[in-house]
Each structure stands twice: as structure tokens, then as C-alpha cells.
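The values are calculated or read from the model by the stated rules, or taken from the named source; none is laboratory data. Remember, predicted model here, so these are calculated numbers, not experimental data. Quick reminder, even Gly has a Cβ in these numbers, built from the backbone with ideal geometry, and neighbours come from all protein chains shown.
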Amino acid sequence: MITICCPLPTAIESILTEETCPTNFGQIQKLIFWRHDNSITCVGSAETESTWTTLLAATGDTKAIVTPFTSGASLTPGEARSYGGGNDTLDGIELILGSMPASFTAKFLQYPTTTVALLKQLMCEDLDVILINENGQFGYKSSDSKFYGFHVKGLFVGDLSLPGYAEPSGSAITFKIPSSEMDDFTISNATDFALTLLNS
């Protein structure tokens with residue numbers, strides 16, 4: 001991010017100070033994965049069930065996969081990536097070089113190990129991810145009026161956890177999203193089908 005600051009524009013870019021529709025995505029309940037750089041040509045198509053039926057049934061590179069319901073899902077933005085402090089930099093002030101990637105964590109609770117084993121196969125792929133919330137809305141990356149997912153890095157699906165009497169068994173899923181990708185985060189209209197999508 002910091003390496004593309006030059007040259008500066010003639011004036012500071014204007015920022016809208018009043019928003020009529022605040023960004024609030026709610027609870028992440030499911031994920032959709034597809035291979036990196038797949039897209040849907042327009043948001044209207046992405047909000048149509050038949051589009052996803054086709055993608056979930058595809059047998060080639062366009063195929064999408066929807067996960068089971070997740071628990072405890074959260075996406076935490078990366079901290080500043082900095083250098084210096086103390087005597088290493090002027091006045092002891094750190095230089096900000098950019099930001100670390102965002103971190104996603106969640107659990108799949110009480111699903112069969114056969115399902116988890118299939119999810120583990122995704123670790124071999126170069127993937128993008130689309131988020132689905134409790135309203136059946138998609139959290140996606142908007143670029144050139146197209147519907148993209150966010151690039152997934154370091155995807156990990158853990159082994160079965162057996163925590164004992166007070167907690168259910170399950171497997172963790174974690175991954176990173178590169179810095180600044182979330183700058184294009186967009187929320188679709190609510191749908192009545194997104195949470196009921198099934199893999200073919």
C-alpha cells in the first residue's frame with residue numbers, strides 16, 4: 001500500500017462524510033470457494049439462484065463449493081506493518097510500511113470427518129472466497145462492476161478437536177486475505193437461497 005503513494009494527487013481526494021447505508025455485514029455463516037480469479041459478470045446474476053446452481057454443478061475451473069455452516073467466524077484486519085522506533089528512526093517514530101493481511105478464523109462443529117476430509121482438499125487449491133451472512137447476503141469483492149471473491153492465502157483446515165465435556169467436537173478453518181483486498185468489500189442484496197445452497 002505505502003509503496004504506491006507517489007506521485008501524490010494535486011489535492012487531497014474528497015471523502016463522503018454522510019452515508020445513508022452503513023457497512024455492517026453481521027454474522028458470517030457460510031463460505032463459498034472457487035478458483036482464483038473466477039468472477040460473475042454482474043451482481044444481478046450473483047443474486048440469482050440459477051447462477052449458483054450452475055456454478056456448484058460445474059465440472060471444470062468455474063466450479064464453486066459451498067461450506068457447511070460455520071461457528072465463531074470472524075475476519076480480523078491486519079495490524080500496521082512497521083519499521084524502527086527508538087534510535088533506529090527519526091524521533092523514535094516508527095515508519096509505516098503497509099499492513100499485514102486480514103485473518104479469518106472459524107470452526108466446523110460436529111460435522112462428519114468425511115466432510116472435513118473433503119474441506120482439507122481445498123488446501124491444495126489457489127482459491128477465492130465469498131462470505132454469506134445470516135440474511136443470505138454475499139460479501140464479495142467488486143471490481144469493474146463484476147462480482148469476485150477475495151484471494152485466499154494460507155488456507156488451513158484442522159484435524160478433529162475433542163475438547164471434552166463442556167465443548168462440542170469440531171475442526172478449525174483459518175486463512176489470510178492479502179492487505180487492501182477488503183477495500184473493495186461490497187454487500188449484495190439479501191437473498192432467500194444463499195444459506196440453502198448445496199454442492200452437486
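Within the range 6-32, residues that are closer than 20 Å to PHE69 by Cα reach no partner that is in a loop (DSSP other than H, G, I, E, B) and of a type in the set (A, V, I, L, M) with beta carbons closer than 6 Å at six or more positions or on different chains.
Scanning the range 52-104 for residues that are on the phi > 0 side of the Ramachandran plot and among the small types (Gly, Ala, Ser) yields GLY72, GLY84, GLY85, GLY86, GLY92, GLY98.
Within the range 135-162, the set of residues being over 17 Å from PHE185 (Cα atoms), in contact with a strand residue (DSSP E or B) (Cβ under 8 Å, 6 or more places away or on another chain) and either in contact (Cβ under 8 Å) with a residue 60 or more places away in the chain or assigned to a loop (DSSP other than H, G, I, E, B) (or both) comprises GLY158, ASP159, LEU160. Evaluated against (1) surrounded by fewer than 12 Cβ atoms within 10 Å (Cβ to Cβ); (2) in contact with a strand residue (DSSP E or B) (Cβ under 6 Å, 6 or more places away or on another chain); (3) in contact (Cβ under 8 Å) with a residue 24 or more places away in the chain, TYR83 falls short on exactly one condition, (3).
Every condition in (1) in contact with a Pro (Cβ under 9 Å, 6 or more places away or on another chain); (2) modelled with pLDDT of 95 or more holds for GLY60 except the one numbered (1). For first residues located in the range 175-200 and assigned to a helix (DSSP H, G or I), partners that are of a type in the set (Phe, Trp, Tyr) and lie 6+ apart or on another chain with Cβ distances below 6 Å form the pairs GLU181/PHE150.
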